[in-house]
1. Please work out which residue is surrounded by the fewest Cβ atoms within 10 Å (Cβ to Cβ), limiting yourself to the range 168-186 and to residues that are part of a helix (DSSP H, G or I) and in contact with a helix residue (DSSP H, G or I) (Cβ under 6 Å, 6 or more places away or on another chain).
2. Where residues in the range 206-261 are outside any helix (DSSP H, G or I) and of a type in the set (Val, Ile, Thr), which of them is farthest from residue 64 (Cα to Cα)?
3. Taking residue 165, is it more than 17 Å from residue 242 (Cα to Cα), in contact with a helix residue (DSSP H, G or I) (Cβ under 7 Å, 6 or more places away or on another chain) and exposed (fewer than 15 other Cβ atoms within 10 Å of the Cβ)?
4. Return the residues of the range 228-250 that are surrounded by fewer than 19 Cβ atoms within 10 Å (Cβ to Cβ) and either farther than 26 Å from residue 154 by Cβ or over 15 Å from the mean Cα position of the chain (by Cα) (or both); say none if nothing qualifies.
5. Tell me, which residue of the range 189-205 that is part of a loop (DSSP other than H, G, I, E, B) and of a type in the set (A, V, I, L, M) is surrounded by the fewest Cβ atoms within 10 Å (Cβ to Cβ)?
6. Of the conditions (1) out of contact with any Ser or Thr (no Cβ under 7 Å at 6 or more places or on another chain); (2) hydrophobic (A, V, I, L, M, F, W, C); (3) under 24 Å from residue 190 (Cβ atoms); (4) surrounded by 13 or more Cβ atoms within 10 Å (Cβ to Cβ), residue 7 fails just one. Which one is it?
7. Using beta carbons and a limit of 6 Å, which pairs, at least six apart or on different chains, have the first residue in the range 46-65 and under 21 Å from residue 101 (Cβ atoms) and the second one assigned to a strand (DSSP E or B) and of a type in the set (Val, Ile, Thr)?
Amino acid sequence: MDDTYQAYVNRVARMTLPDSYKSQVEHIQESTKFKPDEAGVRVPVPFPGYSVITPPAAEDLENAALYTNLQSCQQRLLHELSPGSIVALPPDSFHLTLADLIWNSAYRDVTAQNPKFEGQLRSQIADCFVASKPALVSGSEIRWIVLGFIMMTRAVGVCLAPTDENSYKQILELRRSIYQNPDLIALGIEQQYHLTAHITLGYFGDIGPNLERERLCSLVNELNDQWLDTPQELVVHRAELRKFDDMMSYYREPDWPVLEF
């Protein structure tokens, strides 16, 4: 289901072009993952599930420079756009999702029907990590570069592309070991999205008449320019099974599966 290397690079490159922003900004919607409280402050709603991700920024010292840069970009978005138009994610939670697993209603349904689901999921992901090991190129770093901002229907973040074909293939091998695992499929895990590697910085909140759509487009173009001279890279050195209760934090227990690249 995922693209070939060249098809992926071509597709995501188009997503960071000014014309793409102008088109996408007309279709953005308020995120349902946050709702205003009694004081009008948007707070996360329950949205439980599991993903395989890189370590969150607070635990990923190897990529600290990148995450510091992304936090600065996030602050510019918040300061220069209308208050409330973007709900910021905690910078400590920034990460790259390597494989979506299960979330929200699907997670609630399966855990209600199968009390052993979470233990079975952890066991099967551990098996996938072991199975994917032989396909990894020993001593070869997996590096992804920030291409630019990406505007999704309900969120904004930065899009990444592999620095070489090997970096792409190794992530694809991990995804295949998960999505083509018959035992995981039997648990209800299925691939629903093509890989579009991105780090989410925030979700859209109040998109009423106060949202400055043209300013949003010009701002992300300005922010993209900084990476022309100083490219930002993410080194993918570890994949972890993480659980989330909402979109604000991702956690794990010490004995949960980990894959070191």
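The values are calculated or read from the model by the stated rules, or taken from the named source; none is laboratory data. Predicted model only: the values in this text are computed from it and were never measured. Counting neighbours? That spans all protein chains shown, and the Cβs are built from the backbone with ideal geometry, glycine included.
1. 183
2. Across the range 206-261, the extreme among qualifying residues is 207.
3. yes
4. Of everything in the range 228-250, those that are surrounded by fewer than 19 Cβ atoms within 10 Å (Cβ to Cβ) and either farther than 26 Å from residue 154 by Cβ or over 15 Å from the mean Cα position of the chain (by Cα) (or both) turn out to be 228, 229, 230, 231, 233, 235, 237, 238, 245.
5. 195
6. Going through (1) out of contact with any Ser or Thr (no Cβ under 7 Å at 6 or more places or on another chain); (2) hydrophobic (A, V, I, L, M, F, W, C); (3) under 24 Å from residue 190 (Cβ atoms); (4) surrounded by 13 or more Cβ atoms within 10 Å (Cβ to Cβ) one by one, residue 7 breaks only (4).
7. 49/102; 50/102; 51/97; 53/97
Matching residues to (1) under 23 Å from residue 203 (Cα atoms); (2) loosely packed, with under 13 Cβ neighbours inside 10 Å; (3) modelled with pLDDT of 95 or more; (4) in contact with a His (Cβ under 8 Å, 6 or more places away or on another chain):
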| position | (1), (2), (3), (4) |
| --- | --- |
| 56 | yes, no, yes, yes |
| 61 | no, yes, yes, no |
| 120 | no, no, yes, no |
| 127 | no, no, yes, no |
| 139 | no, yes, no, no |
| 145 | yes, no, yes, no |
